[in-house]
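Step one of this worksheet: look at the structure below.
Bear in mind these aren't lab numbers, they're just calculated from the coordinates by the rules spelled out. Keep in mind that this is a model prediction, so the values were computed, not measured. Ideal geometry is used to build each Cβ from the backbone, glycine not excepted, and the neighbour counts take in all protein chains shown.
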Amino acid sequence: DTAPDHGDLEYITPMINTNVKIFYKKKIEKETGDKPLFTETVSVYYRGSYIFNEKFDENFSGVDPNVNFDQPSSFLIQNFYSSGVSGWADILQNMRVGERWLAYIPWQVAYGSSDNDAIPGYSTLIFDIQLQSIED
């Protein structure tokens, strides 16, 4: 869906909490290509930050991922539901291989109301995610 009154950001409605929306902007868009399934493992580059742009995690260091220097991470999509970051699972299942999205994940489908390591409860998280491949 498109929300024209939100700066042309698009959104998806998470599967486990239909009361919130995950807004996103496509930085790299693909018209065709595979979208991963719930049961598949994906390879991604990502950078996580808080709404004030303070980074808390990343697996690439420059402006863009560099395949010569940066190493993507592998994730089994369904594990995001048990780890408490179900918003990641919703985003990844809507991305096509090769796409890069800037996703705004509300606390309800991020880590929730409890602190998680260095991430305070009730944190809306911003993720710059590039879906490199589907591994299986």
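Taking strands (runs of 3 or more DSSP E) as the structural unit, those lying wholly within the range 1-104 and holding at least 3 residues that are in contact (Cβ under 8 Å) with a residue 12 or more places away in the chain, buried (at least 18 other Cβ atoms within 10 Å of the Cβ) and not hydrophobic (A, V, I, L, M, F, W, C) correspond to 41-50. Count of the range 77-124 residues, restricted to those that are touching a Gly at 6+ places or on another chain (Cβ under 6 Å) and not small (Gly, Ala, Ser), is 6.
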